[in-house]
Amino acid sequence: MTHKILVATGGGDCPGLNAVIRGIVKRASLEKEEWKIYGCIESFNGILKDDVEIVEFTEEMVSGLHVKGGTIIKTTNKGGPFHFPVRREDGSWIIEDRSLLMKKRFENMEFDAVINIGGDGSQRISLQLLNLGIPVVGVPKTIDNDLSSTDFTFGFQTAVQIATEAFDKLVTTAESHNRVFIMEVMGRDAGWIALHTALAGGADVCLIPELPYDPKVVARKIETRYKNGMGFCNIVIAEGAKRIGGDVVGQAPTAIGDRHIKLGGVGDVLKQELLELGIEHDIRVTVLGHLQRGGTPVAYDRILATEFGVKAFELIKEKKYGNLVVYRHPDISYVPLEEAVKEPHLVKLDDFLVRAAKGIGMVFGDESIL
Ligand code: F6P
């Protein structure tokens, strides 16, 4: 008997996606029965489009893939089966629910199940597909590390490594020029990338979405450092950070099917706030952007992604549908999708990471010390 699995990668790309695909395909090839693994091109668009785009993986195609960043089957963070953008003849767009079409095609092509590799938005889609009667297993990915059911998502450690290396470089130039550097990192509503980078890089100030900041506290820290003869100051700010009583900085979505605000620019806003408070030192802003998602995954993410791929296949083989593969130290395990998407994983102020950072004098933009 031949079994067929459809694999999709959804949301923003993330180092380790290809390693998951490789894990699934290699694990499936060890079975006595035949398991065919297919990739749905550009998330679920491949099965939703008028001209279906689905590829069958061979072992050759996935050989060495654990090292390669991005996703060989493409991805998108717009649209999806329940909000599929369709261009009309007059050039305008409408949003269609194509979920029933997807189910029909899924059944006609005789797929057994779907593996959906994606973040919180993608796993909400997994749950909707499950409720529609499509057997699905989710695999958590995101550089933001904001999924509460898993200790870590793959891609996060790579993003932190990239951000830390960038920060290290800014420190030496800040020191040479007696400058204040503000480095803006990704993470959406979660401060994990900022917090880990700030700790690894030895930042003086770390501003995260979970703790709105007072620019006066940041200004005071800068002046103290200059007065103490340090002569430079390095700040990590998360893209989703906001001042007390303020709002996040970004742009409303413009692309069709996109429902997320594009965060970005809070580093410049902070610079302006500091100038208005009378800071006269040279302040420079670096926005790291998509560099944090690109390139080769670090070893940790390759390993986690491979484990997730193997586990996802095994859950499908055991017909344990409706679950998200998770890492709960020391096991790779699974939780129901419904539970997995309930709430995000955000930095809590009593996390020891925050206490450790405050314990070495890092300022978070609030008045408290420890
Ligand atoms: O969720 C991953 C992420 O990189 C966030 O950190 C960031 O806010 C967002 O995606 C950026 O999305 P896009 O690539 O659509 O600009």
Checklist outcome for this item: In region 152-187, anything within 13 Å of the ligand (Cβ to nearest atom) and either over 30 Å from Leu324 (Cα atoms) or β-branched (Val, Ile, Thr) (or both) is listed as Thr153, Thr158, Val160, Ile162, Glu184, Val185
Checklist outcome for this item: If we take region 88-180, then helices (runs of 4 or more DSSP H) inside it with 2 or more residues that are among the hydroxyl-bearing types (Ser, Thr, Tyr) and not assigned by TED's automatic domain parsing to the domain that holds Gly16 are 156-177
Item to check | Residue check, Asn18 buried (at least 17 other Cβ atoms within 10 Å of the Cβ), assigned by TED's automatic domain parsing to the domain that holds Asn145 and assigned to a loop (DSSP other than H, G, I, E, B) | outcome: no
Checklist entry - Among the residues of region 77-87 satisfying the criterion of being touching a residue at least 24 places away in the same chain (Cβ under 8 Å) and part of a strand (DSSP E or B), which is nearest to Ile47 (Cα to Cα)? => result Phe84
Item to check | helices (runs of 4 or more DSSP H) contained in region 258-363 and holding at least 2 residues within 22 Å of Asn234 (Cβ to Cβ), away from the ligand (no atom under 16 Å from the Cβ) and of a type outside the set (D, E, K, R) | outcome: 266-276, 352-359
Checklist outcome for this item: Only one of Gly267, Gly295, Gly278 is within 18 Å of the chain's Cα centre (by Cα) and modelled with pLDDT of 95 or more, namely Gly295
Next on the checklist: Please go through (1) surrounded by 19 or more Cβ atoms within 10 Å (Cβ to Cβ); (2) within 16 Å of the ligand (Cβ to nearest atom) for Gln251 and return the number of the only condition it doesn't satisfy.
Outcome noted: (1)
Checklist entry - Within region 214-245, which residues are buried (at least 16 other Cβ atoms within 10 Å of the Cβ), basic (Lys, Arg) and away from the ligand (no atom under 16 Å from the Cβ)? => result Lys221, Arg225, Arg243
Next on the checklist: Any residue that is within 21 Å of Tyr321 (Cα to Cα) and free of Cβ contacts under 8 Å to residues at least 40 places away in the same chain - is there at least one of those in region 111-128?
Outcome noted: no
Checklist entry - So Arg284 clears everything in (1) in contact with a strand residue (DSSP E or B) (Cβ under 9 Å, 6 or more places away or on another chain); (2) open to solvent by less than 30 Å² (accessible area, probe 1.4 Å) except one condition, right? Which one? => result (2)
Checklist entry - Which ones in region 181-203 are open to solvent by 20 Å² or more (accessible area, probe 1.4 Å) and in a loop (DSSP other than H, G, I, E, B)? => result Met186, Arg188, Asp189, Gly202
Checklist outcome for this item: Residue set Thr153, Thr158, Thr164, Thr142; condition more than 14 Å from the chain's Cα centre (by Cα) and of a type in the set (Val, Ile, Thr); output residue Thr164
Next on the checklist: Gly121 - would you say it is away from the ligand (no atom under 16 Å from the Cβ), surrounded by fewer than 23 Cβ atoms within 10 Å (Cβ to Cβ) and small (Gly, Ala, Ser)?
Outcome noted: no
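The values are calculated or read from the model by the stated rules, or taken from the named source; none is laboratory data. Nothing here was measured: the structure is a model prediction, and the numbers come from that model. All Cβ positions, even for glycine, are placed from backbone atoms using ideal geometry, and neighbour counts span all protein chains on display. Side chains included, ligands, DNA and RNA excluded: accessible areas come from the protein's heavy atoms. Shrake-Rupley method; radii C 1.70, N 1.55, O 1.52, S 1.80 Å.
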